[in-house]
Amino acid sequence: MTPPVVSDYSSFVLGQTRETTLVETSGGNRNALGAMIPQTRRTLDVFARELDPMVMDHPEVLDPIRELIARGARPRIRVLARDVNRAVANGHRLIPLFQRFSTFISIRELGREHRTFNTGLYIADQTGLLVRRHSDRFEGEVCFADLVSAREHTRVFEEMWAGGVENSNLRSLHI
């Protein structure tokens with residue numbers, strides 16, 4: 001049975017709602033993350049090919065990330081990308097947020113050994129996740145409570161994170 005496409009995630013609870021749903025558009029991705037990220041307490045791990053501008057460069061996603069940081073629970077937000085240069089050049093709004101809150105947000109590029117990885121990942125508190133088989137497309141699956149899959153994806157993310165590299169273009173210049 002194919003999971004349903006859902007546009008309203010307001011009743012979904014991180015760590016409790018086990019229903020898997022489909023997303024098909026950038027807006028669907030933003031709706032799901034806009035409901036999941038505000039419920040995140042500790043960790044948010046993201047693989048977004050070029051910082052996923054159609055999803056991550058929008059208030060529906062950035063505002064909950066700001067709120068997660070503002071709650072003062074010392075969250076750890078890690079973002080991996082294949083390339084951040086285009087995002088920097090295009091003024092992606094995650095970059096100044098990263099520069100301002102680098103204690104909480106880290107951004108790395110994939111290391112050489114993982115450059116072919118192409119699955120889009122958003123993992124909240126190692127329990128909720130949005131997975132896109134192809135990071136350059138918006139079709140994917142969302143589940144707010146899938147410990148087994150989230151932990152397996154976290155293991156893969158950890159391996160890629162360890163081999164990731166920082167991009168000097170992300171540094172802020174204070175004159």
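Rounded to the nearest 10 degrees, the inclination of helix 59-70 to the longest alpha-carbon principal axis of the chain is 70 degrees. For G111, nonlocal amide neighbours, meaning residues 5 or more places apart or on other chains whose placed amide H falls under 5 Å from its own, are G164, V165. Helix content alone sets the calculated 222 nm mean residue ellipticity of the chain: runs of n ≥ 4 DSSP H residues at -39500 (n - 2.57) each, divided across all residues, give -9000 deg cm²/dmol. A simple count of charges around G27, restricted to other residues whose Cβ falls under 15 Å of its Cβ and scoring Lys, Arg +1 and Asp, Glu -1, yields -3. Helix 26-36 and the long axis of the chain differ in direction by around 80°, with both axes built from C-alpha atoms.
Across the stretch 42-55, coupling constants 3J(HN,Hα) worked out from phi with the 6.51/-1.76/1.60 Karplus curve, θ = phi - 60°, read 10, 9, 9, 10, 9, 10, 10, 2, 10, 6, 6, x, 6, 10 Hz, and Gly and Pro carry x. Summing charges over all other residues whose Cβ lies under 11 Å from the Cβ of L51, with Lys and Arg as +1 and Asp and Glu as -1, gives -1. Electrostatic tally near R74: other residues with Cβ closer than 13 Å to its Cβ, Lys and Arg +1, Asp and Glu -1, net +4.
Couplings 3J(HN,Hα) of the stretch 12-25, computed from phi: 7, 10, 4, x, 10, 7, 8, 5, 8, 10, 9, 10, 10, 9 Hz, in residue order, whole Hz [Karplus 6.51 cos²θ - 1.76 cosθ + 1.60, θ = phi - 60°; x for Gly and Pro]. How large is ³J(HN,Hα), in whole Hz, for each residue of the stretch 120-125 in order, when computed from phi with the Karplus curve 6.51 cos²θ - 1.76 cosθ + 1.60 and θ = phi - 60°, using x for Gly and Pro? Running phi through 6.51 cos²θ - 1.76 cosθ + 1.60 with θ = phi - 60° gives x, 9, 9, 10, 10, 6 Hz. Computed from Cα atoms, the angle from the helix 147-162 axis to the main principal axis of the chain rounds to 10 degrees.
Laboratory data are not the source of any read-out in this text; all were calculated from the coordinates shown. Nothing here was measured: the structure is a model prediction, and the numbers come from that model. Virtual Cβ from ideal backbone geometry, glycine too; neighbours counted across all protein chains shown.
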